[in-house]
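Comments concern the structure below.
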Amino acid sequence: MTTVMEILEAVGAFLVGLVARLGVTLVLGLVLLVPAVIIGVSIHLVRRHRAAAVPRVDGIELRHGAWHAPNHTWLASCGPGELEVGLDDLGQRILPSVTAVELPRPGMSVHRGDPIAVLRAGQRIVRLGAPVDGTVLRVNGRVRWDPGLVKREPYGGGWLFRLEPADRGYLELPRDAAAEGWMRSERQRLERFVEQELGFAAADGGALVVPVPGALGEDGWKRLVSAFLHAA
């Protein structure tokens, strides 16, 4: 009988210890899981808020508070005398992809229209001109090793470079309400260009669809890029 009781006591102690260990593991798991869930939910809510805060014009996004240049680059103040520059939503839709990015050197002085960055879409090359006169202060190294950011996050992580403007002429570029009207007219101009100049059916009021470069041919691609991304 004594042996049986000892065995039962040992089994009971083992089970109690096992339950205790499982309880500690569960508590530790919850301690680690709860912050991760909170962080995940917070990131999701922030992204939803940002998406809701981005103004849209006929399905084309704009960056609130940014100035929009004729070559479909945007400029946003990011500090005293410093402007962040990237490719706007309509501009990036003209590119089927972005597979490589060449950026200017910090300290480089440029005039409006001077070649300042190169975007590669496979074998296709787009040379972007400077939207204003100024001096390059810094570049976005992230887009060098992840060029797709230019398309995925045109108003966020896909910015290209920052410059110090030579004057305040950029204040005359369309912004906010004026930018909305300008972007609406640019979308319409793009649809007319695709239909009338390139001979492709327009989107008929739906999502903006730009024919891929292979369908446009070399001449059509050059004309499209020249009309919308090379404007000074």
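The values are calculated or read from the model by the stated rules, or taken from the named source; none is laboratory data. Bear in mind that the values here come from a model prediction, so they are computed numbers and not experimental data. Cβ placement follows ideal geometry from the backbone for every residue including glycine, while neighbour counts extend to all protein chains displayed.
Side notes on the structure shown:
- Residues that are among the charged types (D, E, K, R) and not in a helix (DSSP H, G or I) within region 155-174 comprise Arg162, Glu164, Asp167, Arg168, listed in sequence order.
- Residues satisfying the stated conditions in region 116-147, i.e. among the β-branched types (Val, Ile, Thr) and in a loop (DSSP other than H, G, I, E, B): Val132
To keep it simple, each residue is scored yes or no on (1) surrounded by fewer than 19 Cβ atoms within 10 Å (Cβ to Cβ); (2) at pLDDT below 95; (3) in contact with a Pro (Cβ under 7 Å, 6 or more places away or on another chain).
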site	(1), (2), (3)
Asp146	yes, no, no
Pro154	no, yes, no
Arg162	no, no, no
Glu172	yes, no, no
Gln188	yes, yes, no
Glu191	no, yes, no
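- Boolean, Gly113 is touching a helix residue (DSSP H, G or I) at 6+ places or on another chain (Cβ under 6 Å), in a loop (DSSP other than H, G, I, E, B) and assigned by TED's automatic domain parsing to the domain that holds Leu224: no
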